Amino acid sequence: MQNLSLLIKIIHISAGATALISGLLAILFRKRVNTHKPFGRIYFWSMTVIFVSAIYMAFVKFNVFLFCVSFFTYYACLTAYRALRLKRLHLNQEPDRVDWIIEAFFGSMHLAFVGFAVLKLYNAQYTLGTISLVFGLLGLQGNYSTIMRLKKRLAFKNYWLLAHISGMLGSYIGAITAFTVNNHERIPLPPIVLWLGPTVLIVPLIVYETKQQAKKAGKLTHTQKVSA
């Protein structure tokens, strides 16, 4: 058991380092498609390995933070990846069954986080309750946005790109936050900086990029939209 846990921890750390580096390079080369795509693929599959290994580690250590952030982060990454396969929703393309399965599975988990949070807050376990509640509500907000897109409630011509940008950068925030919080003893910064620093740094980039891309593409006209 100890050998298995050590092996999974090594795999998790290696995948984490790969994701942080490839994610940064994908961001830096976001305007160079031929360079961006390979780094993006490496980032996605690294995040997949992180998700699977983190779930195991969270159960072994009963680490609620790791469990919650793993689901939230991977959901954002997975839906951002799938957005690239759904570029023609406004032209009668239908979502694949896997897209609805993703929403049902992760949506159920996000609801479970909220239920768990209510239970913990009721029992005055405020730290666990707050962490679970925050990630549960953020996850449900992501579910709502994605479901609206799958149901073809579309506003901008490049709706798929906006979903990809916000999802991938959102998942990168989660990855960096998990790294900084889990290594707080080695990082000489106040806890509040470790928790919120990645969000403060990257959210403005999300807002800037999505606004620029939305403005560049423009809104879908009434005749271009497909009724849900």
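The values are calculated or read from the model by the stated rules, or taken from the named source; none is laboratory data. Bear in mind that the values here come from a model prediction, so they are computed numbers and not experimental data. We place every Cβ from the backbone using ideal geometry, glycine too, and count neighbours over all the protein chains shown.
Let's see how each residue does on (1) touching a residue at least 40 places away in the same chain (Cβ under 8 Å); (2) under 15 Å from the mean Cα position of the chain (by Cα); (3) surrounded by fewer than 19 Cβ atoms within 10 Å (Cβ to Cβ):
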{"site": "ILE176", "(1), (2), (3)": "yes, yes, no"}
{"site": "VAL181", "(1), (2), (3)": "yes, no, yes"}
{"site": "VAL193", "(1), (2), (3)": "no, no, yes"}
{"site": "ILE202", "(1), (2), (3)": "no, yes, yes"}
{"site": "GLU209", "(1), (2), (3)": "yes, no, yes"}
{"site": "ALA214", "(1), (2), (3)": "yes, no, yes"}
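Yes/no matrix, rows are residues, columns are (1) surrounded by fewer than 19 Cβ atoms within 10 Å (Cβ to Cβ); (2) out of contact with any helix residue (DSSP H, G or I) (no Cβ under 9 Å at 6 or more places or on another chain):
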position: PHE65; (1), (2): yes, no
position: ARG85; (1), (2): yes, no
position: LEU89; (1), (2): no, no
position: ILE101; (1), (2): yes, yes
position: SER108; (1), (2): yes, yes
position: GLN125; (1), (2): yes, no
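Kindly list the number of the only condition in (1) within 15 Å of the chain's Cα centre (by Cα); (2) among the aromatic types (Phe, Trp, Tyr); (3) at pLDDT below 95 that fails for TYR43.
(3)
Yes/no per residue for (1) among the aromatic types (Phe, Trp, Tyr); (2) touching a Phe, Trp or Tyr at 6+ places or on another chain (Cβ under 8 Å); (3) free of Cβ contacts under 8 Å to residues at least 60 places away in the same chain; (4) farther than 21 Å from ARG82 by Cβ:
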{"residue": "HIS110", "(1), (2), (3), (4)": "no, yes, yes, no"}
{"residue": "PHE116", "(1), (2), (3), (4)": "yes, no, yes, yes"}
{"residue": "LYS120", "(1), (2), (3), (4)": "no, yes, yes, yes"}
{"residue": "PHE135", "(1), (2), (3), (4)": "yes, yes, no, no"}
{"residue": "GLY139", "(1), (2), (3), (4)": "no, yes, no, no"}
{"residue": "LYS151", "(1), (2), (3), (4)": "no, no, no, no"}
{"residue": "LYS157", "(1), (2), (3), (4)": "no, no, no, no"}
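With LEU154, LEU133, LEU169, LEU161 as the choices, which residue is in a loop (DSSP other than H, G, I, E, B) and crowded, with 18+ Cβ neighbours inside 10 Å?
Among LEU154, LEU133, LEU169, LEU161, only LEU154 is in a loop (DSSP other than H, G, I, E, B) and crowded, with 18+ Cβ neighbours inside 10 Å.
Restricting to the stretch 25-50, name every residue that is over 19 Å from ALA83 (Cα atoms), touching a Phe, Trp or Tyr at 6+ places or on another chain (Cβ under 8 Å) and in contact (Cβ under 8 Å) with a residue 12 or more places away in the chain.
Answer for the stretch 25-50, where residues must be over 19 Å from ALA83 (Cα atoms), touching a Phe, Trp or Tyr at 6+ places or on another chain (Cβ under 8 Å) and in contact (Cβ under 8 Å) with a residue 12 or more places away in the chain: LEU25, ILE50.
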